[in-house]
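Everything below concerns the one structure shown next.
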Amino acid sequence: MPSRYRKRSLLDFQKSFATNETCINHLANLRWDEGFACPRCGHDQFWLLAKRGLFDCKQCRYRTSVTAGTIFHKTRTPLIKWYWLLFHMAMNKVGVSVADMQRLLEIRHYKTAWLMGHKIRKAMADRDARYQLTGLVEMDETFFGPRGKRRGRGSEKKTMVLCAVSLYRDCKGQERPGFAHMRVVANASAESIDDFLDRLSCAAQSKERRQLMEAIRSDGWQSYSRAAKNKNLVHYKVVLRDPKAAGRLLPWIHRVISNAKDVIGGTHRGVSDKHLESYLSEICYRFNRRYWEKELFDRLVRACVTTQTVTYNEIIRRPSATRMSFGS
Ligand SMILES: [Zn+2]
């Protein structure tokens with residue numbers, strides 16, 4: 001079956017989306033690829049008023065915005081600017097800086113560009129929430145925050161993040177990483193890990209394809225053993241006599257963590273604990289689609305079309321990680 005996602009280079013992208021109208025047309029096609037249905041009368045024929053981004057029902061003349069019910073809902077920024085931002089966020093392995101994008105796309109206010117980035121990250125997180133981690137899952141926790149502060153499980157100035165990567169064996173029997181997920185947590189208690197495992201193994205995947213998580217591999221921290229026991233999972237413990245050996249003993253999770261640190265500390269120059277998880281979702285989204293690199297733009301637009309938007313107030317009212325509680 002041919003992929004419904006097109007592979008695009010920068011030049012292809014530039015050619016395909018040269019005007020705001022072409023972006024509106026593309027979005028309209030994506031929204032109704034299974035057929036148009038007027039929200040008021042259910043009629044299946046419409047005119048597209050591409051300049052204004054409106055569907056006009058041929059029967060009752062009800063007009064619907066092409067962006068209604070998507071990440072772009074009620075946006076005042078031209079769709080072409082959104083498309084360029086999406087392209088950069090999808091294709092750039094280390095993410096993009098909001099300030100750079102604001103300047104390049106001539107978006108008047110920093111806040112607008114910042115909000116656009118967060119809306120796109122929400123679409124990424126919603127898309128990944130459909131995936132479940134199966135088989136053997138490597139887990140560890142790490143800290144994000146100001147440099148030079150105390151490290152370790154008792155560190156208070158840094159934000160703790162739980163990480164998981166599912167592993168599979170390729171045709172040569174080599175271990176390979178599958179999907180990755182990261183979550184900001186208040187602590188590394190068995191309850192936090194349990195809760196994270198629930199999320200990883202109970203995604204909204206179709207029943208026929210449902211596979212189960214079988215085992216976890218982590219260091220010897222007692223909470224992992226307790227959580228594994230609660231969930232009836234096999235627990236492979238690696239003994240870390242030297243913390244520097246973690247990269248060798250839990251190789252995949254450490255590759256994901258070091259990539260995340262490069263992006264957060266480099267491109268974004270650090271982010272507040274409140275928004276950290278959102279940025280981590282973006283990093284995992286790209287990691288989880290690393291074999292479809294050239295299709296990433298098409299995949300991301302579809303993710304934006306199939307999920308509801310989020311408002312500025314909803315984003316800034318998110319609880320801060322330090323105020324979250326996951327039991328003792
Ligand atoms: Zn109608």
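Quick notes
- Selection from segment 59-77 of residues that are within 14 Å of the ligand (Cβ to nearest atom), of a type in the set (D, E, K, R) and either loosely packed, with under 14 Cβ neighbours inside 10 Å or within 28 Å of Met124 (Cβ to Cβ) (or both): Arg61
- Residues that are assigned to a helix (DSSP H, G or I) and in contact with a Phe, Trp or Tyr (Cβ under 6 Å, 6 or more places away or on another chain) were ranked within segment 111-131; the one that is nearest to Tyr279 (Cα to Cα) is Met124.
- Complete set of residues in segment 1-21 that are over 24 Å from the mean Cα position of the chain (by Cα), under 21 Å from Thr306 (Cβ atoms) and assigned to a helix (DSSP H, G or I): Ser16
- For beta carbons closer than 9 Å, sequence separation of 6+ or different chains, a first residue in segment 297-311 that is crowded, with 20+ Cβ neighbours inside 10 Å and a second that is modelled with pLDDT of 95 or more and of a type in the set (Ser, Thr, Tyr), the qualifying pairs are Phe297/Tyr83; Leu300/Tyr285; Val301/Tyr83; Ala303/Tyr285.
- Residue among Lys81, Lys122 that alone is closer than 23 Å to Lys15 by Cα and surrounded by 15 or more Cβ atoms within 10 Å (Cβ to Cβ): Lys81
- Residue satisfying all of: in segment 28-38; surrounded by 12 or more Cβ atoms within 10 Å (Cβ to Cβ) and not aromatic (Phe, Trp, Tyr); nearest to the ligand (Cβ to nearest atom) among these: Cys38
The values are calculated or read from the model by the stated rules, or taken from the named source; none is laboratory data. Computed from a predicted structure; not experimentally measured. Ideal geometry is used to build each Cβ from the backbone, glycine not excepted, and the neighbour counts take in all protein chains shown.
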